[in-house]
Amino acid sequence: MVRDGYFYGLGLALVSALLWVFSPHVLWLSLIPLALAAFFLWFFRDPNRTIPQEPGLVVSPGDGKVTDAEWIETVSGSRLRLSIFLSVFNVHVNRIPISGTVSVVEHREGAFLNAMNPESVLHNEQTLIVIDGGDYQVSFKQIAGLLARRIVCNVKPGDKVKRGQRMGLIKFGSRVDVLLPGEAILKVKVGDKVKGGSSVLGQLPPRTSSSETVA
């Protein structure tokens with residue numbers, strides 16, 4: 001359970017109890033905050049995940065549905081871009097896709113368009129995280145959605161991170177975009193359901209060292 005779940009859930013449970021005590025003639029009112037309390041406790045769940053151990057794998061940074069998978073050209077060469085939509089029903093804890101060192105954490109204020117809208121990657125509030133894995137880099141974005149109003153990122157440049165490690169969350173529906181090297185072998189397709197930390201998005205070429213570790 002993410003700490004926020006206890007904050008929202010217990011707070012609303014207290015409101016429900018107060019309504020039960022001080023509004024005995026409209027007891028049904030106490031059921032509304034009680035139902036919301038149950039929802040928040042469920043929404044902020046943080047299940048353990050089995051992290052794949054094979055070297056060179058890139059795992060999903062979030063739970064959700066793959067909505068886009070394509071190769072694109074950038075100033076640094078070809079890249080494989082994946083988009084994952086997190087509905088309000090998905091786990092919203094985000095995880096690190098590869099082991100390495102955080103080289104960039106860049107937050108940008110913006111709009112709150114529907115995360116399914118392709119324009120959201122350009123205009124919505126978002127945080128970019130780049131992980132240097134040694135022979136390659138993998139970057140991903142936490143992108144706010146229509147309901148998501150807060151992005152939480154708990155890593156900073158210079159941090160040593162492990163594949164599958166928890167690193168933050170996006171509240172109430174959102175999207176994560178992942179950018180892999182162009183030579184990566186795609187392991188998912190549009191429409192697939194993925195789980196943060198355990199679902200493999202792609203396979204990277206063999207490394208020159210065996211420093212890839214498991215969270």
Cα-based reach from LYS65 at 18 Å (exclusive), listing lysines while leaving out same-chain residues under 8 positions away: LYS141, LYS171, LYS187, LYS189, LYS193, LYS195
Sorted peptide list for 63-76, 16-29, 89-102, 155-168, criterion being average Cβ within 10 angstrom, highest first: 89-102, 155-168, 63-76, 16-29
Neighbourhood charge, 10 Å Cβ-Cβ cut-off, centred on ILE84 and excluding it, Lys, Arg +1 and Asp, Glu -1: -1
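Taken together, the values in this text are just the output of simple stated rules run on the coordinates, not laboratory data. Since the model is a prediction, treat every value here as computed from it, not as a measurement. Methodologically, a virtual Cβ is constructed for each residue, glycine included, from the backbone with ideal geometry; neighbour enumeration extends over all protein chains shown.
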